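The values are calculated or read from the model by the stated rules, or taken from the named source; none is laboratory data. On a predicted model such as this, the values are computed, not experimentally measured, just so you know. FYI the Cβ positions are ideal-geometry reconstructions off the backbone, even for glycines, and counts take in every protein chain you see. When the accessible area is computed, the model is the full protein with side chains, heavy atoms only, and any ligands, DNA or RNA have been set aside. Shrake-Rupley method; radii C 1.70, N 1.55, O 1.52, S 1.80 Å.
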Amino acid sequence: MGMTITEKILAAHSGNKQVRPDDLIMAKVDFVMGNDVTAPLAISQLKKYGLGGVFDLSRVALVPSHFSPPKDIKAANNVRVLREFAKEKGIVNFFELGAAGIEHALLPEQGLVLPGDLVIGADSHTCTYGALGAFSTGVGSTDLAYAIAMGEVWLKVPPSLKFCYEGKRQPYVYGKDLILYTIGHVGVDGALYCAMEFVGGVIESMSIQERLTMCNMAIEAGGKSGIISPDATTEAFVKPRAKRPYSFYASDEDAEYERIYEFCVDGIEPQVALPNLPSNACPISEVGEVKIDQAFLGSCTNGCLEDLEIGAKVIKGKRVHSDVRLIVIPATPTIYKDAMEKGILKTFLEAGAVVSTPTCGPCLGGYMGVLGDGEKAVSSSNRNFVGRMGSPKSEVYLANPAVVAASAVAGKIVHPDDVQ
Amino acid sequence: MTTQGRVWVFGDNIDTDGIIPARYLTTFDAKELGAHCMEDVDPEFSSKVKPGDVLVAGKNFGCGSSREHAVLAIKGAGIAAVLAESFARIFFRNAINTGLLVLEADGVRGVFDTGDTVRVDVKSGTIVNETKGRSLTAKPVPAFIQEILDAGGLMEYAKKKLQTDAR
């Protein structure tokens, strides 16, 4: 009996020839990540239980991202905990301000997470790295603490769901739209505990950035992981930046899937997820009149160079609507610099946007653009739960970077064609 | 082990932003977090809840972020257990790893109203609504997960494992 790519990676990391869905395994991890929200609790657990060792000093990353640069004293102290722990133990991959960014853009960019890896991170969007052909999943602080000390994680082998995309995409339809469409189709618990494997001609034609966006939001369907078989596009991305060897895995022809979904993308419009669930995906032509107070272009979902380029192209030579604040946040310092050199940041600034330092900030209502009572935002991020970006009385609409930029110009949610 | 308490019923897809909003994530003090538990879902919840109370919810409880602060907030509010039709997986892991009693039971939400009294027998998985005189059985806990629970959580399990390996 064949195995899926997910089963093969999990088998290889647990010393098994074969694993099956629902098997409980203890698996070796290749890389472990924590941030300024989750790692302080993990470090306190390690101290409390007297576990002093680190399984591999080069395979742990500590990334201040959520409230960094620190928004207040408590946030600054949390980053201090990370910094001091990294120094004390000799952890190589602590990212100090200037090198720090949003972890899910930063780790692939720096070649720290690679095809064939088993990665865990104490952040739910750790599923992002599946875009490179890794098994990668989010865990909590105690799992992080355990993995830092032991280099392993307990896992239930997930059943795999196959999502196949064929056809020709309409203009302004990106990976973001396909994943919102998919979550709308299966629901926020439609892939609960499952591995979401994305396949088909449309996926094969996608850039790494779009693939990262799709896998990033697997968690919004309840998925344990998202994964895409590595190919020539993956190799071209990974080869110049990989810090260690990597392996390509692929699903067998006779691998078993719990369910298979087939989508023809021809008729799919840009999608907007209405408040208050990512599964409330709606074709943009059916959104109706939604005036916005804020537009946010950034986050681990859509904060990479390609995303900023898409937004800048739409907004070039236009002005942000007088009732709207447009906040643009490059996800890492490298993206920031590249966007500056390409004139992308200038385009946004000339349009009346503000460009901020790399941080998760507004996506989780942390800081740098929190919403007030009754305000509405269109956002390129991943969640629109009640109060996600601020006041419980505010509303968040999720969309792709082109829709975010166009809506900032129009003052309401529109198709990018409407501002051309 | 048996736990008995007053029930608070919640719906489907209660997310971690609802359980503990991100604005409180700069601390991991359970008491402090507990004071804001469920704040954006029911602003008065933390003043109404009493130690030993039990949450009953629908599908996908704890969806969203990986914040273990959600489990800490629930514990900090004094809640003894969460019973749901299903749990989001990271929340479920966090609860198991840190010893919050969580049980999955089909149809559990429909059997309770807020204010009812529940009795849970952990070993047998029996859930009894003492107010309404109805009972149901939770899904069994896999042996490996029971091992973590018996050790007293994942960190205690790690300590034991390191001691065994050293021998």
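Quick notes on this one:
- Per residue, the protein assembly as shown reaches -8500 deg cm²/dmol at 222 nm when only DSSP H runs of four or more residues are counted, each adding -39500 (n - 2.57).
- A:Ser160 long-range amide H proximity, modeled H, under 5 Å: A:Ala195, A:Glu258
- DSSP bridge analysis restricted to chain A gives an antiparallel fraction near 20%, rounded to the nearest 5.
- Net dipole in debye of the stretch A:272-413 [+1 Lys, Arg Cβ; -1 Asp, Glu Cβ; about Cα centre; nearest 20]: 160 debye
- Shielding value for A:144-151 is 3, the average number of Cβ atoms from other chains within 10 Å of each residue's Cβ.
- DSSP finds beta bridges in the stretch B:2-140, and of those with both partners inside it, around 50 percent are antiparallel.
- Residue mean of other protein chain beta carbons inside 10 Å, B:21-34: 5
- FRET efficiency estimate (nearest 0.05) - Cβ-Cβ, A:Lys48 to A:Asp72, R0 30 angstrom: 0.75
- Just the protein heavy atoms count here, and of the accessible area of the protein assembly as shown at 1.4 Å, carbon and sulfur take up 51 percent.
- Virtual spin-label span in nm between A:Arg83 and A:Ala99, 7 Å along Cα→Cβ: 1.4 nm
- For the protein assembly as shown, a crude dipole built from +1 on the beta carbon of Lys and Arg and -1 on the beta carbon of Asp and Glu, taken about the Cα centre, is about 1440 debye to the nearest 20.
- Counting Cβ atoms of other protein chains within 10 Å of each residue's Cβ and taking the mean over peptide A:380-387 gives 4.
- 3J(HN,Hα) along the stretch B:94-99: 4, 5, 4, 5, 10, x Hz, from the Karplus curve 6.51 cos²θ - 1.76 cosθ + 1.60 with θ = phi - 60°, whole Hz, x for Gly and Pro.
- Amide proton proximity set for A:Ser68, modelled H, under 5 Å, gap of 5+: A:Cys360, A:Gly361
- Descending by average beta-carbon neighbour count within 10 Å, the peptides B:91-104, B:42-55 line up as B:91-104, B:42-55, the highest first.
- The stretch A:75-210 - percent relative contact order, Cα under 8 Å, separation 6 or more: 16 percent
- Computed over chain A: relative contact order in percent, which uses C-alpha pairs under 8 Å that are six or more apart: 17 percent
- Efficiency of FRET between A:Arg241 and A:Glu204 - r from beta-carbon atoms, R0 22 angstrom, step 0.05: 0.55
- Approximating the spin labels as points 7 Å out from Cα along Cα→Cβ, the A:Glu166-to-A:Asp231 distance works out to 1.4 nm.
- For A:Cys360, the solvent-accessible surface computed with a 1.4 Å probe is close to 10 Å², ligands and nucleic acids excluded.
- In straight-distance terms, cross-link reach from A:Lys393 covers every one of the lysines whose alpha-carbon lies under 29 Å from its own, apart from those fewer than eight places away in the same chain; here that gives A:Lys71, A:Lys74, A:Lys176, A:Lys291, A:Lys376, A:Lys412, B:Lys31, B:Lys48, B:Lys50, B:Lys59, B:Lys75.
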